[in-house]
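**Q** Questions regarding the structure given below will be posed in turn.
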Amino acid sequence: MLLQLLTALAAVAGACCSLLAEGSGAGAVSGILPFTAGGFIYLGTVSVIPEILRNSGPCQAFLQLLALLAGVAMMLLIARYE
């Protein structure tokens, strides 16, 4: 329960930081977005890859890993050409 409270407080602190950085221009956005995207990619791979490897055969695990990498590649393309 304490960790849940800590997570909720961190979310509120992150929202406050983003609201404060809103008017500071592109410099803040160029630093915050990669950090946030990296966090999501890290959490996704840490929780998804072990589950894939545990519950499926080698061919199915390879296809799911390719789909995960394709999603990351799409995020990179969107970030690059947006």
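The values are calculated or read from the model by the stated rules, or taken from the named source; none is laboratory data. In this text, all values refer to a predicted model and were calculated from it rather than measured experimentally. For neighbour counting, all protein chains shown are included, and Cβ atoms are generated from backbone atoms with ideal geometry for every residue, glycine included. Note: accessible area is taken over every heavy atom of the protein model, side chains too, but ligands, DNA and RNA are not part of it. Shrake-Rupley method; radii C 1.70, N 1.55, O 1.52, S 1.80 Å.
**Q** Considering each residue of the range 31-71, count those that are under 30 Å from Gly14 (Cα atoms) and surrounded by 13 or more Cβ atoms within 10 Å (Cβ to Cβ), and give that number.
**A** The number of residues fulfilling the criteria is 8.
**Q** Let me ask something else. For a quick check of your reading of the model, give me the residue pairs whose first member lies in the range 65-82 and is among the small types (Gly, Ala, Ser), whose second is open to solvent by less than 70 Å² (accessible area, probe 1.4 Å) and assigned to a helix (DSSP H, G or I), with beta-carbon atoms closer than 8 Å and at least 6 apart or on different chains.
**A** The qualifying pairs are Ala79/Ala37.
**Q** If you don't mind, another one. Starting from the range 4-18, keep only residues that are within 13 Å of Thr36 (Cβ to Cβ), then list their pairs with residues that are surrounded by 10 or more Cβ atoms within 10 Å (Cβ to Cβ) whose Cβ atoms are within a distance under 9 Å, requiring at least 6 positions of separation or different chains.
**A** From the range 4-18, the pairs are Gly14/Thr36; Cys17/Ile32; Ser18/Ala28; Ser18/Ile32.
**Q** For the range 21-34, indicate whether the set of residues that are modelled with pLDDT of 80 or more and on the phi < 0 side of the Ramachandran plot is non-empty.
**A** No, the range 21-34 has no match at all.
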